[in-house]
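Single-structure report; data block below.
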Amino acid sequence: MTQVISILILFLLCSIQLHAQTASARWSEAKASAWYEHQPWLVGSNYLPATAINQLEMWQADSFDPAQIDKEFGWAESLGMNTMRVFLHDLLWQQDSVGFKKRIDQFLAIASRHHIRPILVLFDSCWDPYPKLGPQHPPIPGVHNSGWVQSPGALALKDPAQEARLRVYVEGIVGAFGNDPRILAWDVWNEPSNTNSRGYHNVELPNKKQRVLELLPKVFEWARSMHPSQPLTSGLWEGDWSVPEKLDPIARVQFEQSDVLSFHNYNWPEDFEQHVRWLEQYHRPIICTEYMARSAGSTFDTILPIAKQHRVAAINWGFVAGKSQTYFPWDSWEKPYVLQPPAVWFHDIFHPDGHPYREHEAQIIREATGVSEVQ
């Protein structure tokens, strides 16, 4: 009897281990395609409420603004948008994990009422590498995204001892919401190789790319260990993706670990379509998680028809003109627009009062999504 029990225990342990290994593997092409077949054509924006300058101000208890989010998601619903890309932050988990989860749940309830399923972003290499909890500084006049912060910040990124804390954050968030049907997908790291040539290049870690390369595969592994029902991704954003051999080391991790392929493109429509064709050869769903920079040649009227034709999800930056000030162009870091506004808004769709920057653009989005009239 003892021998039989031992064999049964060994069998169960092997089964558990096999299940963990199988569940933690990258999705097959077939599984990714089957998931995508059940999705509508996905259209949305990178989202930050007008009242927040960055991820911390959006989510901290003292500045979390569900009424503002509900109002703005009503505007998104009126355009036929069905997803939003939303950034989280590791310091929020460290500050108050229980409260953070409650606010995420409240946010998801608001999104669900407006038929929006967001992509949640876990980490981000862009802009200020020294995030701080608490009240955030006011916007720098005339400057694009003057308060956005990285996650993890430079202090956490350079310290291997903090990996345990970052792992707890990833596993805690994905563990709590990894089977929540209100969430579309997980973007594990935004532009991981970005060293921020504008604004912060001189204060970035000298070995930032090496540290990111060491950490990024672990982040995918931590997220997968929670067996989420939603796909994982990390968006390609620079370089040549025409063949895997041309990918740099960080992009190769993004490419090889993503269940569905995502990318950024702020260029002319011909360039956008070329990048789509590069990615199509890999036979996985494709999500454009950042596009639309009017003065750089990326506009709704040129990009949305291409995305729809190829059934590529289209998520523009950004949504409403607010404290992020992303209606100013990137070059505002060198020449702030304090004396006069730019000739054309760079990003964003709505003024803070809810009327579109250009009504014709709003109509283009509604027509693409099948919403015939303003709701």
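The values are calculated or read from the model by the stated rules, or taken from the named source; none is laboratory data. What you see is a predicted model, and the numbers here were worked out from it, not measured in a lab. Note that we place each Cβ from the backbone using ideal geometry, even for glycine, and neighbour counts take in every protein chain shown.
A single member of GLU290, GLU245, GLU256 is more than 19 Å from ALA185 (Cα to Cα) and of a type in the set (Asp, Glu), and it is GLU245. For GLU37, the conditions (1) in contact with a His (Cβ under 6 Å, 6 or more places away or on another chain); (2) modelled with pLDDT of 95 or more are fulfilled apart from (1). The set of residues in region 79-121 being part of a helix (DSSP H, G or I) and basic (Lys, Arg) consists of LYS101, LYS102, ARG103, ARG113. Taken across region 354-367, residues that are more than 22 Å from GLY297 (Cβ to Cβ) and without any contact (Cβ under 8 Å) to a residue 40 or more places away in the chain do occur, with at least one present. Screening region 330-355 for residues that are of a type in the set (Phe, Trp, Tyr) and part of a loop (DSSP other than H, G, I, E, B) and picking the one that is nearest to the chain's Cα centre (by Cα) gives PHE346.
Does region 188-195 contain at least one residue that is assigned to a helix (DSSP H, G or I) and closer than 25 Å to TRP237 by Cβ? Give the steps one after another, and end with the answer.
Of region 188-195, the ones assigned to a helix (DSSP H, G or I) are none.
Scanning region 188-195, I find no residue that is assigned to a helix (DSSP H, G or I) and closer than 25 Å to TRP237 by Cβ, so the answer is no.
Here TRP278 fulfils each of the conditions (1) more than 21 Å from PHE220 (Cα to Cα); (2) buried (at least 19 other Cβ atoms within 10 Å of the Cβ) apart from (2).
This table checks each residue for (1) exposed (fewer than 14 other Cβ atoms within 10 Å of the Cβ); (2) within 30 Å of TYR200 (Cβ to Cβ).
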residue: GLN340; (1), (2): yes, yes
residue: ILE349; (1), (2): no, yes
residue: HIS355; (1), (2): yes, no
residue: HIS360; (1), (2): yes, no
residue: ILE364; (1), (2): no, no
residue: THR369; (1), (2): no, no
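Take the conditions small (Gly, Ala, Ser), modelled with pLDDT of 95 or more and more than 23 Å from LEU133 (Cα to Cα) and apply them to GLY80. Does it pass? So GLY80 passes the test.
If the requirement is being without any contact (Cβ under 8 Å) to a residue 60 or more places away in the chain, of a type outside the set (Val, Ile, Thr) and either touching a helix residue (DSSP H, G or I) at 6+ places or on another chain (Cβ under 7 Å) or surrounded by fewer than 18 Cβ atoms within 10 Å (Cβ to Cβ) (or both), which of these qualifies: HIS144, HIS115, HIS137?
On the way: HIS144 fails: without any contact (Cβ under 8 Å) to a residue 60 or more places away in the chain; HIS137 fails: without any contact (Cβ under 8 Å) to a residue 60 or more places away in the chain.
Result of the check over HIS144, HIS115, HIS137: HIS115.
Results for (1) closer than 19 Å to LEU108 by Cα; (2) at pLDDT 95 or above, shown as yes or no for each residue.
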residue: GLU171; (1), (2): yes, yes
residue: ALA185; (1), (2): yes, yes
residue: VAL188; (1), (2): yes, yes
residue: GLU191; (1), (2): no, yes
residue: SER197; (1), (2): no, no
residue: TYR200; (1), (2): no, no
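Evaluate region 323-335: report whether one residue or more is surrounded by fewer than 23 Cβ atoms within 10 Å (Cβ to Cβ), more than 25 Å from ASN196 (Cα to Cα) and not hydrophobic (A, V, I, L, M, F, W, C). The answer is no, given that none of the residues of region 323-335 is surrounded by fewer than 23 Cβ atoms within 10 Å (Cβ to Cβ), more than 25 Å from ASN196 (Cα to Cα) and not hydrophobic (A, V, I, L, M, F, W, C).
Given the structure, is GLU367 out of contact with any Asp or Glu (no Cβ under 7 Å at 6 or more places or on another chain) and more than 15 Å from ASN265 (Cβ to Cβ)? Here the answer is yes, as GLU367 does meet what is asked. The test for being farther than 28 Å from ASP248 by Cβ and surrounded by fewer than 20 Cβ atoms within 10 Å (Cβ to Cβ) does not hold for ASP159. Scanning region 28-77 for residues that are under 21 Å from TYR327 (Cβ atoms), assigned to a loop (DSSP other than H, G, I, E, B) and without any contact (Cβ under 8 Å) to a residue 24 or more places away in the chain yields a count of 1.
Being in a helix (DSSP H, G or I) and surrounded by fewer than 21 Cβ atoms within 10 Å (Cβ to Cβ) is the filter here, so list the residues in region 196-214 that pass it.
The initial filter retains those residues of region 196-214 that are in a helix (DSSP H, G or I), namely 201-203, 208-214.
Scanning region 196-214 gives HIS201, ASN202, VAL203, LYS208, LYS209, GLN210, ARG211, LEU213, GLU214.
Entry remark, region 299-317: residues being under 19 Å from PRO342 (Cβ atoms), more than 19 Å from the chain's Cα centre (by Cα) and among the polar types (S, T, N, Q) number 1 in total.
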